[in-house]
Amino acid sequence: NGDASGEEDDKIDWDTDDELEIQNFPLSSHSSLSNPGGEAILGDGEASSSTGSCHSKLIQHFVGMGFPEQMVAKAIEENGESNTESILETLLTYSALENSPQRQQPVNANHCSLESDENEFSNTDSWSEDEENTDSSFNKEKTVLSLANMGYTLEEASKAIDKCGPNASIAELTDFIFATQMSTARDASPQQLPNEIKPKPEPIDYDNGMHKRKFFESELCDSKKRREYEESIMYGDNETIRIPKPMIGYGIPTEPCRVFHRRLPDSAIGPPYFYYENVALTPKGVWDTIKRFLYDIEPEFVDSKYFCAAARKRGYVHNLPIVNRFPLLPLPPHTISEAFPLTRRWWPTWDTRTKLNCLQTSIATAKLTDRIRKIVEDLKGEPPLKVQKYVLDECRKWNLVWVGKNKVAPLEPDEVEMLLGFPKNHTRGGGISRTDRYKSLGNSFQVDTVAYHLSVLKDMYPGGINVLSLFSGIGGAEVALHRLGITLKNVVSVEKSEVNRNIVRSWWEQTNQRGNLIDFAFVQQLNGDRLEHLIDSIGGFDLVIGGSPCNNLAGSNRYTRDGLEGKESALFYDYFRILDLVKCIMDKQR
């Protein structure tokens, strides 16, 4: 799933937890030098003594950039030997087409992939208006190619552009295509509301004596939630929630909260408090369903680019107070140059990025970074605009930084830890591979963002807090509370990954926590009896926090983007089930 650097194939099915907002277009070009006679001179300066040797060296020149020899020969045949710029552009186009899902078998994404819905670009990283105002037909062709690379057919792509207009964003186009697909599916096979809710498949008993779980357990307080579930099936596509711009929620450290009070339904008022997180850009209707289940609380959408040097667009549903928040200190670096000052020496003036995109669970291959080095190096000067665009697209896509003259490289795991707000070496050691480190970090909270929201708990619980942490990952919630100075009295952590559980356990010991850490592998283990026992033993939970998997929500997953009914993302209903049980049990004990 997560690909380590150094692999020989960069045709990667990204494995991250966000939605692609803007697909990178594989357009590029290559400058060539010509002598007065018009004969092309290769980048290495060697002149051929005959047509045959010139042809051979030209082929080797492009093969050295990483292109297959057969592809190079075909490109030379189409463009002639004298126009190396056209040859390179043709090769890059061929490479993009070969990477298209139409040329290969679909690869099922097991994890969120590329926040990135978000390989999102901040406004400060946008291309200039001069580059955007190019010929409309040329832009349409490239947009169609981009959508084809994402798994859509050419017919779907063309229809979306015609309907939405040539200036529509990739996110708008993909939403239109998705809505069309859903509408077609309903027309072909009308969906009927079942008379009763079908229970989800029963899981294996994970320990002796544990009751097998149905979708809703008998301990639920009333039948209202069943009706809500039926309504979510009926009205799931009628989306009313819109993503705000700018994405700053109820306020960020540099722009204090302007909303001093929000009205919560009586059933949502804490304690216990709860905090739920997932990717912001999802299939239509998902956030409406999440809101409906979580007591009709409006989501708070926040982009972590306002807290650190990397974007991370997320939605948060919670019943926490929204005033008197404060940030973690010291404040983290907010730009690439602040985060990585040594890169300033090598950063080209034409790379205008100041923020990184959403941090992914996989990284660029050595083959790609070597290709970029050769392309930039051979030009001996500032590259033409098309080459700049190609290089910047790849740098944005993979969060590459300049580490030497003409050299880019992916972020190291410890650099990702720093950007996400974790302590240095948080995921290092203990037999954890680099691939596992990237994967775990790519699916985690951004600690500074979450801590800003949780900071209101510090004065409310001066003696410490009891936490139920669902889908704990590498302990982003626990790290945030600890950095806020809130004592962790008891933490019940549920995380299926053994690698992640070991990371949390190691951090717990290294920070000399005096409370109790109780961990479980599966949320299905927390039935009514077990929760009642835990609540009796520790005195109840003050905070229920977590973010269920976004595998079937993220836009990069074009094969199983089934929303909350997908295999992994359906675990949201377990978050709700457990939260509702905790509230019911604690209400009965009051």
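The values are calculated or read from the model by the stated rules, or taken from the named source; none is laboratory data. Everything numeric here is computed off the predicted structure, so don't read it as measured data. Quick reminder, even Gly has a Cβ in these numbers, built from the backbone with ideal geometry, and neighbours come from all protein chains shown. Heads up: the accessible areas ignore ligands, DNA and RNA and are worked out on the full protein's heavy atoms, side chains in. Shrake-Rupley method; radii C 1.70, N 1.55, O 1.52, S 1.80 Å.
Only residues in the range 457-480 that are within 24 Å of residue 323 (Cα to Cα) count as the first member; pair them with residues that are surrounded by fewer than 24 Cβ atoms within 10 Å (Cβ to Cβ) and basic (Lys, Arg), Cβ under 6 angstrom, at least 6 apart or cross-chain, and list the lot.
Matching pairs, first to second residue: 464/489; 466/489.
Look at the range 374-395 and say how many of its residues are touching a Gly at 6+ places or on another chain (Cβ under 9 Å) and part of a helix (DSSP H, G or I).
If we filter the range 374-395 for residues that are touching a Gly at 6+ places or on another chain (Cβ under 9 Å), which is where we start, we get 374, 377-380.
Subset that is part of a helix (DSSP H, G or I): 374, 377-379.
Final tally of qualifying residues: 4.
Which numbered condition trips up residue 445, out of (1) closer than 21 Å to residue 315 by Cα; (2) of a type outside the set (Gly, Ala, Ser); (3) open to solvent by 10 Å² or more (accessible area, probe 1.4 Å); (4) part of a helix (DSSP H, G or I)?
Among (1) closer than 21 Å to residue 315 by Cα; (2) of a type outside the set (Gly, Ala, Ser); (3) open to solvent by 10 Å² or more (accessible area, probe 1.4 Å); (4) part of a helix (DSSP H, G or I), residue 445 violates only (4).
Could you list all residues from the range 59-73 that are part of a helix (DSSP H, G or I) and either within 19 Å of residue 387 (Cα to Cα) or within 37 Å of the chain's Cα centre (by Cα) (or both)? Even if it seems obvious, please write down each step before you answer.
Pass one, the range 59-73, residues part of a helix (DSSP H, G or I): 59-63, 69-73.
Listed by number, the residues that qualify are 61, 62, 63, 69, 70, 71, 72.
Go through the range 74-90 and count every residue that is open to solvent by 40 Å² or more (accessible area, probe 1.4 Å) and over 19 Å from residue 390 (Cα atoms).
In the first step, residues of the range 74-90 are kept if they are open to solvent by 40 Å² or more (accessible area, probe 1.4 Å); the result is 74, 77-79, 81-83, 85, 89.
Adding the requirement that they be over 19 Å from residue 390 (Cα atoms) leaves 74, 77-79, 81-82.
Here the count works out to 6.
Identify, by number, the condition in (1) under 27 Å from residue 538 (Cβ atoms); (2) within 16 Å of the chain's Cα centre (by Cα); (3) open to solvent by 40 Å² or more (accessible area, probe 1.4 Å); (4) not aliphatic (A, V, I, L, M) that residue 439 doesn't meet.
Condition not satisfied by residue 439: (1).
Looking for whichever is part of a strand (DSSP E or B) and either surrounded by 21 or more Cβ atoms within 10 Å (Cβ to Cβ) or assigned by the TED database to the domain that holds residue 531 (or both) here; the options are 492, 479. Which one fits? Talk me through it step by step, then tell me what you get.
Details: 479 fails: part of a strand (DSSP E or B).
Of the residues listed, the single one that is part of a strand (DSSP E or B) and either surrounded by 21 or more Cβ atoms within 10 Å (Cβ to Cβ) or assigned by the TED database to the domain that holds residue 531 (or both) is 492.
Could you grab me the full set of residues in the range 343-364 that are surrounded by 22 or more Cβ atoms within 10 Å (Cβ to Cβ), touching a Ser or Thr at 6+ places or on another chain (Cβ under 6 Å) and of a type in the set (Ser, Thr, Tyr)?
361
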